[in-house]
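What follows is a single structure, written as structure tokens, with notes after it.
Derivation of every value follows stated rules applied to the coordinates shown; laboratory data play no part. Keep in mind that this is a model prediction, so the values were computed, not measured. Every residue, glycine among them, receives a Cβ derived from its backbone with ideal geometry; neighbour counts consider all protein chains shown.
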């Protein structure tokens, strides 16, 4: 069941995450099994979610993640630390996912003409005719956060695969934009176009859910 | 002096991600912020987007199932055995 992190939980991408990775990697290089388990535990969910944007099947996605770790272990001496470990892992995963050929990303992201907000909500002059209602400050007072987590997850599932990959990497896993581009092989402009559409969809889904309360 | 036309709401909402990603030119950023200063609706929209990002960033990772964790242990042990060679000796 989707849940939200408690507020005091340190995000994976937060301060210390990369340092911990570096330490775990050193221990792994010296053959420490517990360090490997900790790295797998930490990165498994982002890896599996990213794999699922390339293949429909959960089982195939899990195989891709396992293949990635096999490749990582065998290439561990090649990691030079120029990118973060996570960016390196995810880039390897994308290569593996593409080479399985299960669902090669066939569509090149384009300047999607769909606006972030329905044009019907603006008047002829481009001003709001149906403006958004204020909910940002009192979302959690009116609704438990657990009610909204499934709304976000379901909207993510409905997104086109590439858009979902960008939004998850940037906004769920909190990679930097340049890391997202590196992992997915996107230009900065395409990354922002996909991110913008995706975020617009998430905001709209939340507005629909909150407005009905 | 000719003044460049001000942004309207419909344009502002399409620039929100570039604004949040710090990808606007200084001039567009000023136009964006000038609009926000006089438009309560777009201010609400931006606040909603901040809230959307905050909630999205708090999705919790799925825990690794124990049987899946076991498979990774196997992967590690095979690698470790190959690396150390016969007799499971540590590398020289």
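Per-structure values
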read-out	value
Using alpha-carbon coordinates, inclination of helix B:66-84 to the longest axis of chain B, degrees	60
Shielding by partners, peptide A:183-191 (average Cβ within 10 angstrom, other chains)	1
In degrees, nearest ten, helix B:40-56 long axis to first principal axis of chain B (Cα)	0
Chain B - mean residue ellipticity at 222 nm from DSSP helices (-39,500 (n - 2.57) per run, n ≥ 4, rounded to 500)	-22000 deg cm²/dmol
Relative contact order (%) - criterion: Cα under 8 Å, at least six apart; region: segment A:17-100	32
Protection-proxy order for peptides A:193-206, B:15-28, each taking the mean of Cβ atoms within 10 Å per residue, highest first	A:193-206, B:15-28
Added length on full extension, which subtracts the Cα-Cα distance from 0.36 nm per residue, residue A:41 to residue A:83	13.1 nm
With Cα atoms, 0 to 90° folded angle of helix B:9-20 axis to chain B main axis	40
Values of log10 I(q)/I(0), in the order q = 0.12, 0.14, 0.17 Å⁻¹, for segment A:119-211 under a Debye, Cα-only, solvent-free model	-0.47, -0.63, -0.85
Peptide A:172-180, shielding by other chains (average Cβ, 10 Å cutoff)	2
For segment B:58-85 and segment A:182-207, distance of Cα centres in Å	32
